[in-house]
1. Not counting ligands, DNA or RNA, and with a 1.4 Å probe, what is B:E15's accessible surface area in Å² rounded to the nearest 10?
2. Under 8 Å for C-alpha pairs, at least 6 residues apart: give me the relative contact order for the stretch A:2-114, rounded to a whole percent.
3. Of the candidates A:Q38, A:Q29, A:Q60, which one comes out as most mobile in a Gaussian network treatment of chain A with C-alpha springs shorter than 10 Å?
4. Rg to Rh ratio, chain B, alpha-carbon atoms and Kirkwood radius?
5. Which cross-chain or sequence-distant (5 or more) residues have an amide H under 5 Å from the amide H of B:I48, H modelled 1.01 Å from N in plane?
6. Using Cα-Cα distances under 8 Å and only pairs 6 or more residues apart, what relative contact order does the stretch B:1-67 have, in percent?
7. Ignoring everything but the protein chains, give the 1.4 Å probe accessible area of A:Y104 in square angstrom, nearest 10.
8. Interface B/A, total buried accessible area with a 1.4 Å probe, nearest 100 Å²?
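The values are calculated or read from the model by the stated rules, or taken from the named source; none is laboratory data. Source: prediction; values computed, not measured. Ideal geometry is used to build each Cβ from the backbone, glycine not excepted, and the neighbour counts take in all protein chains shown. Note: accessible area is taken over every heavy atom of the protein model, side chains too, but ligands, DNA and RNA are not part of it. Shrake-Rupley method; radii C 1.70, N 1.55, O 1.52, S 1.80 Å.
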Amino acid sequence: GAVVSQHPSWVICKSGTSVKIECRSLDFQATTMFWYRQFPKQSLMLMATSNEGSKATYEQGVEKDKFLINHASLTLSTLTVTSAHPEDSSFYICSARVGTLRQYFGPGTRLTVT
Amino acid sequence: DQQVKQNSPSLSVQEGRISILNCDYTNSMFDYFLWYKKYPAEGPTFLISISSIKDKNEDGRFTVFLNKSAKHLSLHIVPSQPGDSAVYFCAARAPGTSGSRLTFGEGTQLTVNP
C-alpha cells in the first residue's frame, strides 16, 4: 500500500527558532500533499494544500509566512514553522493524495516549543 | 462553521457486540464520505468510503450507511474487537475543490472492552 513517512516524529525547540518537518511518499509519487494540525481531542485542521512545483494554497487564518511549505519533488513536501512560539506546539500531520479521493497519512510530528 | 460533526466524543462497547459511530454534515454538495481510524501519536488510516450516490458500502466487519435526506452517515463495526479501540474520524469531500480537500469531524473515541 501507499506509505507516507514524516521526519522527525517529535521535536522540541526553543521559542524563536525555526523547525522543518519533512513528509515523504515512499512508494508512490504525489503531486498533491496536505498539511494538517491537530490539537488534543480536536479534529484535524487543514492548514494548506501543497502542489508539486507550485505555491501552496493556505486555508483561511493560516499564516503563510509563518508556515512555509515547499513541495520541490513528487515525493517530498516540507513544512517549516518559522519563529516558533509555544502556541505553535501541536501535532502536525501530512497526507499524500492518491487518485482523486484517497489520502494516505503520515505518522505525524509532535512539536513542542518551550 | 463545522460542516462535519461527530457529536459523540466517546463510545464504549463490549467485545463481540456492534459499534455504531455517527456523523452528521451540513454541506449537501459533499460527494464522498470517508472513515479514518487513528491511534495515538499516529496518522489516520483509511477504513472505508461511500459515494453520495449510494446508501451502503460494506467491507468485512465495517459497513457505512448514508442517509442523504438526513445528512447523516454511520459506521457499523461488527463484531467489535479490542483492537478496534481508536479514534474514528469521518471526513467528507466537496466536488470540484482543488486537491480533493477533505473536511473532518471531531472524532469519536471507541473503546472495545474484552
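1. Answer for B:E15: close to 90 Å² accessible.
2. Computed value for the stretch A:2-114: 37 percent relative contact order.
3. Looking only at A:Q38, A:Q29, A:Q60, the largest GNM fluctuation is found for A:Q60.
4. Details: Rg = 13.5 Å, Rh = 14.1 Å.
Taking Rh as the inverse mean 1/r over Cα pairs, Rg/Rh reads 0.96.
5. B:W35
6. On the way: 74 pairs, mean separation 13.7, N = 67.
Reported as a whole number, the value is 21 percent.
7. Estimated to the nearest 10 Å², A:Y104 gives 60 Å².
8. 1600 Å²
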